[in-house]
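Below is one structure, written out as structure tokens; the observations come after it.
The values are calculated or read from the model by the stated rules, or taken from the named source; none is laboratory data. Being a predicted model, the structure only gives us computed values, none of them experimental. Don't worry about glycine lacking a Cβ; one is built from the backbone with ideal geometry, like all the others, and counts go over all protein chains shown. When the accessible area is computed, the model is the full protein with side chains, heavy atoms only, and any ligands, DNA or RNA have been set aside. Shrake-Rupley method; radii C 1.70, N 1.55, O 1.52, S 1.80 Å.
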Amino acid sequence: MNTKEIEEKWIKYWEENETFKTDINDFSKPKFYALDMFPYPSGVGLHAGHPEGYTATDIVCRMKKMQGYNVLHPMGFDSFGLPAEQYAIKTGNHPAKFTNENIATFKHQLKTLGFSYDWQREISTSDASYYKWTQWIFKRLYEKGLAKYVDMPVNWCEELGTVLSNDEVINGKSERGGYPVVRKNMKQWVIDIPKYAEKLLNGLDNLDWPLSTKEIQKNWIGKSIGALVTFKVAGTKEEFKVFTTRCDTLFGATYCVLSPEHELVEKITVPSQKEEVAKYQKECSLKSDLERTELNKEKTGVFLGAYAINPVNQKEIPIYISDYVLASYGTGAIMAVPAHDERDYDFAQKFNIPIIQVLEEVTGEVHENETKKNSIVAIVYDEEKDLYLTLNWHELGGRLFIGGTIKENESATSCALREIKEETGWENLELVHTLPIINHHYYAYNKDKYFNIESTGFFFKITKNSIKSETNLDDDEKFDIEWVPKDVIENEVKDSLHAKTFYYALNPGAMEGDGSHINSEFLNGLNKEEAIKKMIEWLEEKGLGKKQVNYRLREWIFARQRYWGEPIPVVHMDDGSIKLVPDEDLPLVLPELEDYSPSKTGASPLEKATNWVNVTVDGQKGKRETSTMPGSAGSSWYFLRYIDPHNDEKLADYKLLEHWMPVDLYVGGPEHAVGHLLYSRMWNNFLYDEGIVPYAEPFKKLVHQGMILGSNGIKMGKRYPEYSVNPMDIVDQYGADTLRFYEMFMGPLQADKPWNDNGVVGSKKFLDRVWNLYINENKLTDNDNKNLEKIYHKTIKKVTNDYETLNFNTAISQMMIFINAVYKEKEYPRYMALDFLKLLNPICPFITEELWQRLGNDASIANASWPVWDESKIVDDQIEIGVQVNGKLRASITIDVDLSEEEIKNKALDTDNVKKHIEGKEIVKIIVIKNKIVNIVVK
RNA sequence: GCCCAAGUGGCGGAAUAGGUAGACGCACAGGACUUAAAAUCCUGCGGGUGUAAUAACCCGUGCCGGUUCAAGUCCGGCCUUGGGCACCA
């Protein structure tokens, strides 16, 4: 088989005959729109991962076409981007030259692989005829106030000379290149995607997408429901709002924190603190994002000297600034509840701010007639030895810490010290933390009474001054004093009160879940949900706050200080106003430059095109915007343009969109979960709201292909070039069919899979086996062959269903089983041979076209109709089922399918090995699951 | 730390309304064809005890426990790997 010759022949045939041209206006058949994530045409051509997803959609498309669907299967290029620009900087050539050369290479390679794209619908985001409409959409966003020119802190990457959007920054470094990114205030174009947060969140519900991707989008949007609470600044007319999800803990708010950038800081700082505050603000502004997150261990901050008034109790509480409060989230200000937030706790400890507990954990089981009392649990820690002091009561109560009842007129602390001394003899300990009060219910066996206690926890440490004296214990105090490490406590301290107390000792401020409210006046006794509801009602009634939804999602930074992108179609007039470039002047085409290099100061290369930049509009002078749009602009709507790629009047005809959208199957990598896949949903939702497109959600079903790893199990790439595979080399050596077949057989589409050269050879062997069967073996016959009938119908069924659900590896294994069976036969009926070619065709279009023709067919197999199976021919009349005794397989029997339960039982019991295992035992029952298994239970 | 996904032979992977674990392929071993090799075709192939060979038995789907006549599949608790988020109030 000469794969090269065959492949070239059919590529030419399909092109000349327009085999895969979509008649977009033919609404008579059901439609199927399959979309691949279009590639960035890099200089190196396709990598091993491209053919995987592309083959997957191609298989489904080819099957759907044969099943009578009108299939739309387009391809294009995401052709704006940095590599082309860097090439232009180096060579002085226009980036378009480089881009077009690469597109030509990509297109050639894609054709070589046999994908059934309708190339007449090809688009390229850097074509002016395409980006005309990208600019047009931008204008609509601007008109609706969704594209905004604002002064705000943005991600500035010095090395790349541009600002970046949040999804392009990973751990404080640029996604591309890994260069440091800092926060910098710049006047920038942003898209107000948070306005669409709710729609983007709700829209996910009805999408057939991977759960993990939906989850990532949900987290990225980050909806939280809470309240906005107004705090007045004592002695001034100023006030500020805080966002909180736990307004029920307001009684425990003992200070407030503003972000260092908060606008109120200058106004309310008292004169004596001004210097220190200014110094701290400066320190924070110089920190990069990376430093700011890395240095999150030790809390820092400065007191403003000003006080806020807690609206629930009129108490004056200090106001600080600290960089643990982010300017960009919520209102940039918080109320701090150190008792129930670890960060606030750390800060309060460091600055000696009071801690008020307002939530109380309830442990144990509630009973009637409980006796109430107050008590303590004391934990004593030896830091040097890393051991904790416990009392081992053995069978009387297990391992516990020191406990005791608070006497009348005694404070909790002195009770704790007294109990420690009485029970263990230790004195002069250092109190590390007072732990939250726990409301505990229990039953005391020795007193036969139910108790309900308010237990205060204490965490003490032994110091050099600590002393131990002899103890004088009562007779009923039968315990051993044991010093044990942490893991022994975690395993052995079973009592819920003591275990919880220990947890709080190690995690101060961690009590932030549900609990019963205390110290909270009108909220006392309520749980979290009730208390939040009541507090919001109270705040709203008094005009001090209201219910508020907040999102983590931020503005989409929409400008890049680069050349190779869509020009933003606006003019900044000398009087400071902004004018849009009129629709009739679109596309606003990129000017040619002598020098494409960026500047370190944040100026776009376009500033050098002075003739282009300086314009007069309506007799007024102005300058064009010189930043360009990000790469994610053009890819946010390309799926619409495929439907009507040559339309000069509209981005796409509404009637066509109505018929063809949404995309039925979208395949691409999971790395676009919060970039492209969120941005395109936002644009499409916006265009829907504007009545430009007929459906809000663009992608009905989404599937992520996994990564093709090197044979070492590690991602292919620069690090391990010796393990990287160039798909074109595989095509040269084994043919495109083999590459497609192998990548589909490797494993589930969605999984990451290591490359294996032997696997490629194995795939080629199978295709050779098929070829030989049709060409060299004289088995083809016009007779029928009953031996193959069942497997033939089964194969059609399995392959059809597996293609539909994208389980290509198991479809292939079924085809192998079929071919193995044919090899064992003398005669291969012609109709089966033809139908098998149809089943294999979506994966291996070349070899199947060739064999189809050699079997005497004129037209392309792509136009043949998909085979159908006969369910009645699949049913077995005899099957083998297992026989178990007490759940262990002891035999298997062959039975007629319609055999009665009684007969199956008899047959099972009549088997030698089964007899052996039930001999002398009593049969308890016999379970017969029709056509599956028999299980005999004996005693 | 929080959220999500996944752990099955030497390897890639099959099998989930709970019902004979290891389909199919790779690798490996043996055989046929050949002067020979390659290619091709056929057979075997989870680990162990056992047998001349069969038979038969035991163990086995990351670990521990549970539910069930029956668990890779369901439940509880861990461990490991991958991905996402991370001072988000």
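Could you give the DSSP H helices of chain A that reach 20 angstrom or more along their long axis (alpha carbon positions) and whose average Kyte-Doolittle hydropathy is no lower than 0.0? Sorted by number, the helices that extend far enough and score high enough are A:808-823.
Packing, taken as the mean count of other beta carbons within 10 Å per residue, orders the peptides A:371-384, A:398-411 from highest to lowest as A:371-384, A:398-411. By the rule of a C-alpha distance below 23 Å, with chain neighbours fewer than 8 residues away ignored, the lysines paired with A:Lys621 are A:Lys139, A:Lys148, A:Lys187, A:Lys579, A:Lys608.
Could you tally up the Lys pairs in the range A:509-551 with alpha carbons closer than 13 Å? Skip any pair fewer than 8 positions apart unless they're on separate chains.
Close lysine pairs found across the range A:509-551: 5.
Counting only protein heavy atoms and a 1.4 Å probe, the range A:197-309 has 50 square angstrom of accessible area per residue. Where does chain A land on Rg(C-alpha)/(2.2 N^0.38 Å)? Normalised Cα radius of gyration, chain A: 1.24.
Are any of the pairs A:Lys790/A:Lys915; A:Lys214/A:Lys765; A:Lys232/A:Lys274; A:Lys64/A:Lys223; A:Lys237/A:Lys279 more than 32 Å apart by Cα-Cα distance, and if so, which? Check vs 32 Å cut-off fails for A:Lys790/A:Lys915; A:Lys214/A:Lys765; A:Lys64/A:Lys223. The relative contact order of chain A, computed from alpha carbon pairs under 8 Å that lie at least 6 residues apart in sequence, is 14 percent. Using the alpha carbons alone, the radius of gyration of the range A:125-198 stands to its Kirkwood radius in an Rg to Rh ratio of 1.03. Each peptide in A:725-732, A:230-237 gets a packing score, the mean of other Cβ atoms within 10 Å over its residues, and the list from highest to lowest is A:725-732, A:230-237.
Projecting the Cα atoms of A:Gly145, A:Leu264, A:Met1 onto the charge dipole of chain A, computed from C-beta unit charges around the Cα centre, puts A:Met1 farthest toward the positive end. Please grab the % of Cα pairs in the range A:500-605 that end up more than 21 Å from each other. For the range A:500-605, the share of Cα pairs beyond 21 Å comes to 68 percent. Surface composition of chain A: carbon plus sulfur atoms contribute 48% of the solvent-accessible area (1.4 Å probe, protein chains only, all chains present). Antiparallel beta bridges, as assigned by DSSP with both residues in chain A, represent about 70 percent of the total such bridges. Averaged over its residues, the range A:756-861 has an accessible area of 41 Å² per residue, based on protein heavy atoms and a 1.4 Å probe.
Would you work out which of A:Ser212, A:Tyr320, A:Thr112 lies farthest towards the positive end of the dipole of chain A, given +1 charges on the beta-carbon of Lys and Arg and -1 on that of Asp and Glu, about the Cα centre? Value computed over the given set: A:Thr112. Whole-Hz Karplus values for the range A:247-255 come out as 5, 5, 9, 3, 5, x, 6, 10, 6 Hz, taken residue by residue from phi with 6.51 cos²θ - 1.76 cosθ + 1.60 and θ = phi - 60°; glycine and proline positions read x.
For the range A:417-477, a crude dipole built from +1 on the beta carbon of Lys and Arg and -1 on the beta carbon of Asp and Glu, taken about the Cα centre, is about 360 debye to the nearest 20. Accessible surface area normalised per residue over the range A:571-687 is 40 Å², counting heavy atoms of protein chains with a 1.4 Å rolling probe.
Ordering A:Val693, A:Gly675, A:Gly622 by Cα displacement along the dipole of the range A:597-704 toward the positive end leaves A:Gly622 in first place; charges were set at the Cβ atoms of Lys, Arg (+1) and Asp, Glu (-1). Within the straight-line cut-off of under 19 Å between alpha carbons, the aspartates and glutamates reachable from A:Lys173 are A:Glu158, A:Glu159, A:Asp289, A:Glu291, A:Glu294, A:Glu555, A:Glu671, sequence neighbours fewer than 8 places apart in one chain being disregarded.
Using just the helices of chain A, give the 222 nm mean residue ellipticity in deg cm²/dmol: DSSP H runs with n ≥ 4 each add -39,500 (n - 2.57), and the total is spread over all residues, rounded to 500. Result for chain A: -10000 deg cm²/dmol, rounded to the nearest 500.
Taken as Cα centroids, the range A:156-232 and the range A:66-123 sit 29 Å apart, rounded to the nearest whole angstrom. Computed about the Cα centre, the dipole magnitude for the range A:549-605 is approximately 580 debye when only Lys and Arg (+1) and Asp and Glu (-1) carry charge, each at its Cβ.
For the range A:308-460, DSSP calls about 60 percent of its internal beta bridges antiparallel. Would you please state the base-10 log of I(q)/I(0) at q = 0.25 1/Å for the range A:833-886, with intensities from the Debye formula using one equal scatterer on every alpha carbon? The Debye formula, applied to the Cα set alone, gives -0.93.
For the range A:666-769, a crude dipole built from +1 on the beta carbon of Lys and Arg and -1 on the beta carbon of Asp and Glu, taken about the Cα centre, is about 240 debye to the nearest 20. Exposure check, 1.4 Å probe, all protein chains in place: A:His108 carries approximately 120 Å² of accessible surface. Once C-alpha pairs closer than 8 Å and six or more residues apart are averaged by separation and normalised to the residue number of the range A:644-760, the relative contact order reads 24 percent.
Within the shell defined by Cβ-Cβ distances under 12 Å, the residues around A:Ile861 carry a net charge of 0, with Lys and Arg each +1 and Asp and Glu each -1. Here's the list of lysines a cross-link from A:Lys478 could span, going by alpha-carbon distance under 28 Å and ignoring same-chain residues fewer than 8 apart: A:Lys372, A:Lys373, A:Lys385, A:Lys407, A:Lys421, A:Lys447, A:Lys449, A:Lys461, A:Lys468, A:Lys486, A:Lys494, A:Lys500.
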